[in-house]
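The values are calculated or read from the model by the stated rules, or taken from the named source; none is laboratory data. Values in this document were obtained by computation on a predicted structure and should not be read as measured data. Note that we place each Cβ from the backbone using ideal geometry, even for glycine, and neighbour counts take in every protein chain shown.
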């Protein structure tokens with residue numbers, strides 16, 4: 001037995017059949033090579049002959065490819081067939097105008113009806129303006145300096161109803177952008193269309209009024225109004241319905257705070273959002289819609305709640 005358990009082969013044994021011819025060929029090859037070296041032959045060694053000829057590379061695909069090095073071999077694919085996203089916008093211009101861009105004629109007609117019904121002073125005229133459709137109102141709904149509180153509330157009510165109408169027609173707000181460097185500029189509202197339209201909602205506007213008040217336009221349901229007063233507790237100095245709006249007045253000036261009071265002001269907003277959600281209301285939009293030379297106006301918060309919401313049900317978030 002060998003070291004690893006194998007029996008060593010017998011060196012004196014006869015070679016297996018067929019090995020004699022192989023040995024003769026090997027000896028002949030070695031002898032031929034030695035003779036060639038001894039004779040100083042300059043013949044080149046035999047060339048390797050491949051058994052298979054190399055094939056030509058495949059033809060390049062017919063697709064167009066990006067030329068950028070970072071996008072090499074990335075086919076330029078068209079968008080999926082049948083899919084298209086529609087965007088549109090509403091801009092609040094000057095102190096008395098709304099411009100509608102990329103809406104259908106039917107959508108714009110519905111917007112005119114909302115403005116005419118919501119703004120007490122009505123519409124002055126409608127015109128095409130650089131590719132957009134423009135509504136010019138009588139009076140100045142976007143100016144906080146010209147009219148009283150009732151007109152300012154009516155402007156919020158008009159925009160609240162406009163948001164609700166567009167929502168019911170499938171136009172869901174994506175962003176409110178401050179995209180202008182002009183003095184007294186206001187937001188542009190960006191909408192994305194979805195089909196089918198979302199389920200209908202109730203709507204509520206909440207305004208940071210002056211430096212110490214919240215105004216709810218129109219007055220909220222009694223249970224929500226009571227919950228808001230309970231949330232802010234002793235910080236409320238008075239509350240009343242004024243001009244068709246529910247107004248809450250606070251101690252101090254939370255909307256013009258300084259120092260660490262700014263933290264308290266923001267905590268008040270978080271508590272308000274939490275209270276609103278407890279009654280099914282979720283924040284839909286914050287819009288800068290008033291041009292003012294003083295500091296009495298900040299963003300307007302617009303809340304929505306599904307009409308079929310019941311206590312304990314999930315709260316809608318867009």
Extreme residue, modelled with the highest pLDDT, among residues of region 265-298 that are out of contact with any strand residue (DSSP E or B) (no Cβ under 9 Å at 6 or more places or on another chain) and part of a loop (DSSP other than H, G, I, E, B): 293
Pair list, Cβ under 6 Å, 6 or more apart: region 260-279 residue farther than 19 Å from residue 209 by Cβ, other residue crowded, with 16+ Cβ neighbours inside 10 Å: 279/224
Subset of region 123-149 [in contact with a strand residue (DSSP E or B) (Cβ under 9 Å, 6 or more places away or on another chain) and farther than 18 Å from residue 93 by Cβ]: 149
Unique match (being modelled with pLDDT of 95 or more and over 25 Å from the mean Cα position of the chain (by Cα)) among 214, 189, 173: 214
Residue satisfying condition, being more than 29 Å from residue 91 (Cα to Cα), in contact with a helix residue (DSSP H, G or I) (Cβ under 6 Å, 6 or more places away or on another chain) and surrounded by 14 or more Cβ atoms within 10 Å (Cβ to Cβ), within set 245, 257: 257
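Yes/no matrix, rows are residues, columns are (1) surrounded by 13 or more Cβ atoms within 10 Å (Cβ to Cβ); (2) within 29 Å of residue 177 (Cβ to Cβ):
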| residue | (1), (2) |
| --- | --- |
| 231 | yes, no |
| 237 | no, no |
| 250 | yes, no |
| 283 | yes, yes |
| 309 | yes, no |
Pair list, Cβ < 7 Å and 6+ apart or interchain, from region 216-230 residues that are closer than 11 Å to residue 279 by Cα to residues that are surrounded by fewer than 15 Cβ atoms within 10 Å (Cβ to Cβ): 227/278
